[in-house]
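Trainee: One structure is given below, represented as structure tokens, and several questions about it will come after.
The values are calculated or read from the model by the stated rules, or taken from the named source; none is laboratory data. As the structure is a prediction and not an experimental result, all values here were calculated from the model. Quick reminder, even Gly has a Cβ in these numbers, built from the backbone with ideal geometry, and neighbours come from all protein chains shown.
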Amino acid sequence: MISYRIINSNKETFRDYLKRIIQNRVLIYPIILKDTKLKYHQTFLGGLWTILYPFLSVVLYVIFFGYIFKIPLEHGNYLSFVLTGYACWNIFSNVSFQSGNALIQNQELIRKLSIPKIIFPICKSITVWYENIVLLLVAFTVLFFNENKDYSRLIWLPVVLIGLFVFSIALGTFISALTIYKKDLNHGIPIIMQALIWFTPVFYPISILPDFLKKFIFLNPFASFIELFRWTLGVSDKVSPHYFIGLIIAFIFTIFSFIFFKKREDIIIDYL
Amino acid sequence: MPDSKEPYIECSNISKHYSIQLNLKESFKSIISNKRYTKEGYYALKDISFKLHRGDRLGIIGANGAGKSTLLKIISGVIKPSSGSIRLQGESTAILEAQNILYEDLSGRDNIKIVTQLIGISNKINDDELNFIQEFSELGPYIDQPIKYYSSGMKLRLTMAIYQFIQPDILLMDEVMAVGDVSFRNKLIASFNDSFSKIPVIIMVSHEVNDIVNLCNKCLYLKDGEMVFLGDVSDVYKKYSIEHLEKKSKQSIKNGLKIISHNQHQIKKHSEKILFSFTLEISEPLNCSIVFYLNDTRGPVLFDSLLFREKNEYQFAQGVHEVQISIHSYLLNKGTYFAKCIFANPQDDNHIEQEINLGEVKVISDDWEKDEKWNIHPKYPLRPQLEWKIESIKQQ
């Protein structure tokens, strides 16, 4: 019995597409290796640059908002609050900044290999996680400075991290598929992220906001993930059930961006 | 178990249609008028069908924009066809290109590691293979330098070394021969007998008809996205060259000069005279100079020849004339040669009035030469019979 491969104009089913992504997973490592090597070639500090930026931001937030403006917290100290918030936020913002280029950077490979193109934004997101691993590890140290030594919530940490991971991949996938059409997004993303950080409880707690603004914050999936992350690490005491609205939005967005990318899979090559 | 009777690749009615994108004004119009306002677009490929069996080497020829590369990309799965389907037995397909496979900013070693994984050679290249590539590419200590400091020859050698490991089920080569220098070409041709010999099917695109004749057994001739001819390599070759000649000799009536006939394809032995002839119809008396050129398939002109040595000019009277040019025997080496004549105005040497292609001649070896060793590589275009003299001066 001979097995055949068929190439035709029919749309690939989602099952076949997923199967093909899993078949081509061996390519993820060399693509990431290549991207990282290209990114840091001929630099003296190399990967340190990715760590420097978030740590500088955290230090500045602690100095200005923690000591000078004295933002009131319900619970815990300000350093661990900013550190946990910024660790998540940095992943989101890095994924958003870098995914726009994910397909364009690899256009030669796209023209040569018949692999599902969603691999490239996935690789970008994994690269961002790998670059932020130090920041995340530092964020975990807040466990030792907490007032309550109740570590039972830690069992939720893997769930939250996996959720964060999947959502960041979805974010990257969506942005890369959109940027292909019009490169405007490459310029727009920094502005959007700059605005969005003010509507996310990264360096201030939601408790100091007026009520009408709180409603909007609950719609923000970034906020949900950050608050959940803080809760599992014991930085905040409780999580408002309203944050689950954000999680549902994140879930819908994840499904949507996968479908969105899949629909454009075949025509991406025409826009490169 | 792979079956050798079943076709390895079966391509049926492949078409690729590209629609032309509407610009802003037109798409606005289509919204306002509530009609689908579309442009027709064009077919890059139309109804391509062929079957290849295990062991087949297919060469694809055709002018620029004939759809050769598009066809390769469809077979490799990079782009989808608009209609039709391809059935393949092989699991893996690889496109071989001479350019753009290396990353300029990475070192040679990193390039070997990454590129071999990306083009699907192995999951992880081991030290023996790395050493082999290093030796094959003759890079020596430069292997740890970024590729951008390499000479283009070094880059090609590295590329070639990486390709020695390639073992896909279907290998697609996109105009690889055109880029490399002579040694790169020779290495690549050698790989056909060596490391590529186990690959079930190779499909190659080339401008150079000669490469296809040498390396392939089947040939597909594409023209404007349509299949003109498919079959055994020697048949297509004839068809291709004739069509090229016809196209060129169509532009004829100019300044009262009309070419009626010329010979097209001849096969001569080394010891035979080669004769080119054509017939001219002159409608008004014409004073012009004629230059004869001979090219070989590699491109450059081998020599030119003037009508007369003293004054390169001929007074054509009104009427029909036959022109014959003969090349004496034992001048050309084995191979294929193309001849052309140029008619020029004697007052202005640069102004070419008319160019005629006189067709091609294939020189083959004489019967006695066939088994001789020195006849195997017709490296040089000329092998003239010279006057030799051997005398014994002192005998013991």
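Trainee: Answer yes or no as to whether residue A:91 is at pLDDT 90 or above, part of a helix (DSSP H, G or I), more than 14 Å from every other protein chain (Cβ to nearest Cβ) and touching a Phe, Trp or Tyr at 6+ places or on another chain (Cβ under 7 Å).
Mentor: So residue A:91 passes the test.
Trainee: Need the failing condition index for residue A:202 against (1) β-branched (Val, Ile, Thr); (2) in contact (Cβ under 8 Å) with a residue 24 or more places away in the chain; (3) not in a loop (DSSP other than H, G, I, E, B), just the number.
Mentor: Going through the list (1) β-branched (Val, Ile, Thr); (2) in contact (Cβ under 8 Å) with a residue 24 or more places away in the chain; (3) not in a loop (DSSP other than H, G, I, E, B), residue A:202 breaks only (3).
Trainee: On the basis of being among the acidic types (Asp, Glu) and buried (at least 20 other Cβ atoms within 10 Å of the Cβ), does residue B:105 make the cut? Give the derivation first.
Mentor: Working: among the acidic types (Asp, Glu): yes; buried (at least 20 other Cβ atoms within 10 Å of the Cβ): no.
Spelling it out, it is not the case that residue B:105 is among the acidic types (Asp, Glu) and buried (at least 20 other Cβ atoms within 10 Å of the Cβ).
Trainee: Out of curiosity, is residue A:195 in a helix (DSSP H, G or I) and surrounded by 17 or more Cβ atoms within 10 Å (Cβ to Cβ)? Full working, then the answer.
Mentor: Numbers: in a helix (DSSP H, G or I): yes; surrounded by 17 or more Cβ atoms within 10 Å (Cβ to Cβ): no.
No: the conditions fail for residue A:195.
Trainee: Further, regarding this structure: Here are some conditions: (1) among the charged types (D, E, K, R); (2) modelled with pLDDT of 70 or more; (3) touching a Phe, Trp or Tyr at 6+ places or on another chain (Cβ under 7 Å). Residue B:239 meets all but one. Which one does it not meet?
Mentor: Unmet for residue B:239, out of (1) among the charged types (D, E, K, R); (2) modelled with pLDDT of 70 or more; (3) touching a Phe, Trp or Tyr at 6+ places or on another chain (Cβ under 7 Å): (2).
Trainee: Residue by residue through segment A:34-66, note down the ones that are more than 20 Å from the chain's Cα centre (by Cα), of a type in the set (Gly, Ala, Ser) and away from chain B (no Cβ under 14 Å).
Mentor: The answer is A:66, and nothing else.
Trainee: Residue check, residue B:198 against (1) assigned to a loop (DSSP other than H, G, I, E, B); (2) at pLDDT below 80, all met but one. Which one?
Mentor: (2)
Results for (1) surrounded by 15 or more Cβ atoms within 10 Å (Cβ to Cβ); (2) of a type in the set (A, V, I, L, M, F, W, C); (3) not in a helix (DSSP H, G or I), shown as yes or no for each residue.
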| residue | (1), (2), (3) |
| --- | --- |
| A:43 | no, no, yes |
| A:54 | yes, no, no |
| A:57 | yes, no, no |
| A:62 | yes, yes, no |
| A:72 | no, no, yes |
| A:79 | yes, yes, no |
| A:87 | yes, yes, no |
| A:96 | yes, no, no |
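Trainee: In segment B:302-346, how many residues are touching a residue at least 40 places away in the same chain (Cβ under 8 Å) and either among the acidic types (Asp, Glu) or on the phi > 0 side of the Ramachandran plot (or both)?
Mentor: Number of matching residues: 3.
Trainee: Does residue B:221 meet the test of being hydroxyl-bearing (Ser, Thr, Tyr), more than 12 Å from the chain's Cα centre (by Cα) and crowded, with 19+ Cβ neighbours inside 10 Å?
Mentor: Against the criterion (hydroxyl-bearing (Ser, Thr, Tyr), more than 12 Å from the chain's Cα centre (by Cα) and crowded, with 19+ Cβ neighbours inside 10 Å), residue B:221 does not qualify.
Trainee: If residue B:148 satisfies every condition in (1) out of contact with any Asp or Glu (no Cβ under 7 Å at 6 or more places or on another chain); (2) farther than 16 Å from residue A:33 by Cβ; (3) assigned to a helix (DSSP H, G or I) but one, which is the exception?
Mentor: Status for residue B:148: all satisfied but (1).
This table checks each residue for (1) more than 14 Å from chain A (Cβ to nearest Cβ); (2) at pLDDT below 85.
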site: B:3; (1), (2): no, yes
site: B:9; (1), (2): no, no
site: B:13; (1), (2): no, no
site: B:37; (1), (2): yes, yes
site: B:47; (1), (2): no, no
site: B:59; (1), (2): yes, no
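Trainee: Out of the residues in segment B:69-87 meeting the condition of being assigned to a strand (DSSP E or B) and either without any contact (Cβ under 8 Å) to a residue 60 or more places away in the chain or among the polar types (S, T, N, Q) (or both), tell me which one is nearest to the other protein chains (Cβ to nearest Cβ).
Mentor: B:85
Trainee: Name the residues in segment A:57-71 that are of a type in the set (Gly, Ala, Ser) and under 17 Å from residue A:88 (Cα atoms), would you? First the steps, then the outcome.
Mentor: Filtering segment A:57-71 for residues of a type in the set (Gly, Ala, Ser) gives A:57, A:66.
The one that is of a type in the set (Gly, Ala, Ser) and under 17 Å from residue A:88 (Cα atoms): A:57.
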